Amino acid sequence: MYRALNFNAGPAALPEEVLKEAEKSLLNFGNTGMGIMELSHRSKEYQAVHDQAITRLRRLLAIPDDFEVLFIQGGASLQFSMVPMNLLGKDQAAHYVLSGSWSEKALKEADKIGETVISASSKDQKYSFIPKYSQDEIPDNAAYLHITSNNTIYGTQWQSFPSNKKTPVVADMSSDILSRPLKVDQFDLIYAGAQKNLGPSGVTVVIIRKELLKRSSEMLPVMLNYNTFANNNSLYNTPPTLSIYLLSLVLQWAEQIGGLEQIEKANEMKAKMLYDVIDESEGFYIGHAHKNSRSRMNVTFNLQSEDLSREFQKQAKEAGFVGLGGHRSIGGCRASIYNAVPEHHVEKLAAFMKAFKNNN
Ligand code: PMP
């Protein structure tokens, strides 16, 4: 079967095993005579799928009992609004570290809800590194500190996280959740759109410390209040059943291949293959991210001219590579190497990059 060399930034490659398993469930799930997306969301068969997805996520990430796992629609973009709507009180300010376009978008939504402060930013350096911030400057009554753990567009990634001892830490982990072991307890709210490491688009995972649920005002619209999801096991209304089923299969796959330690090792190896080509290219490929902020999920680089970059992408496309164009806002090239991108695809890309350099 033909499978593309898929380096898309999201929606992105899914494990082949997952797709094969899902294929069987489209027509007849568990001998019900119905496809998975034909089941009632109130049926015991769907309920089991839903609960299993939550159980698997809890197990993989070792999510402590004082956190809720919620499945919400609206993408990570809706979380840009829901976070401040639920957590930002009148006499407080929400602090944002700007490390890329997605953090800017998150800040813009929070600005509409209440007071915000930019704790640090690397905008004037084209978001080429994770900015330094001083936690001492964050006042005691700050509502939360918001970070973006991996910057999908610029290819930078936090290597260690701020402490949440004084201020709750909220993290947009859309593009690196499940890519490495994580101490959930270091955070107070984590959110991630599924369409990179978790599954297909359509579901957003929110992991929230139960204590924070007390902050939401009862005046919030019901579908924008985290408590609606927490109190109803994310089944207040019809959830995206197919997306949650696929999420569950991806989580099963992640467990089967050895969990987050193994996944981290594989990701380190894949990223090293591409960064080594960049570093050994004597300036032919110019990495966007500073070395100490490099992302293991999105490898961003430029060539010496727009023309060369266009030629690189043209030849890459001819050679069967998909998704190597940089985000439309910054151009250049980007290889997204999420968990499900096989090592041998990355090997092929590294070899292609070397050959292209030698020929040009
Ligand atoms: N945050 C990050 C880090 C992202 O990469 C993206 C999407 N690429 C978003 C937020 C927005 O996600 P969505 O399209 O699910 O709203």
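Considering all different alpha carbon pairs of the range 145-295, the Kirkwood hydrodynamic radius works out to 17.5 Å. Of Asp140, Asp185, the order by accessible heavy-atom surface (1.4 Å probe, DNA, RNA and ligands excluded), from most exposed downward, is Asp140, Asp185.
With contacts taken as Cα pairs under 8 Å and at least 6 residues apart, the chain reaches a relative contact order of 23 percent. Looking at the chain, the accessible area is 45 square angstrom per residue; that uses a 1.4 Å probe and ignores ligands, DNA and RNA. Gyration tensor over the Cα atoms of the range 16-256: the corresponding equivalent ellipsoid has semi-axes (square roots of 5 times the eigenvalues, largest first) of 32, 20, 15 Å. For the chain, which span is the longest to avoid every loop-located (per DSSP) member of chymotrypsin sites (Phe, Trp or Tyr not before Pro) having at most 16 other Cβ atoms inside 10 Å? The longest such stretch corresponds to 3-235. Ordering Asp307, Asp66, Asp276 by accessible surface, largest first, gives Asp307, Asp66, Asp276; the 1.4 Å probe counts only protein heavy atoms, with every chain in place.
In the calculated pair-distance distribution of the range 56-125, the portion above 19 angstrom amounts to 47 percent of the Cα-Cα pairs. Applying the criteria of a DSSP loop state and at most 12 other Cβ atoms within 10 Å to the trypsin sites (Lys or Arg not before Pro) of the range 89-193 yields Lys90, Lys126, Lys132, Lys165, Lys183. Available extension along the chain between Asp111 and Asp65 is 13.4 nm, counting 0.36 nm per residue and deducting the alpha carbon span. Cross-link partners for Lys123 among the lysines, with Cα-Cα distance under 20 Å and sequence neighbours closer than 8 places in the same chain left out: Lys105, Lys108, Lys132, Lys291.
Membrane-span-like helices of the chain, defined as complete DSSP H segments with a Cα extent of 20 Å or more along the helix axis and a mean Kyte hydropathy of at least 1.6, are absent.
Of the trypsin sites (Lys or Arg not before Pro) found in the range 10-73, the ones in coil according to DSSP and having at most 16 other Cβ atoms within 10 Å of their Cβ are Arg42.
For the range 259-359, the carbon plus sulfur part of the accessible surface works out to 48%, probe radius 1.4 Å.
The values are calculated or read from the model by the stated rules, or taken from the named source; none is laboratory data. From a predicted model like this one, the values you see are computed outputs, not experimental measurements. Note: ideal-geometry Cβ built from the backbone for every residue, glycine included; neighbour counts use all protein chains shown. The area values use the complete protein model at the heavy-atom level, side chains included, leaving out ligands, DNA and RNA. Shrake-Rupley method; radii C 1.70, N 1.55, O 1.52, S 1.80 Å.
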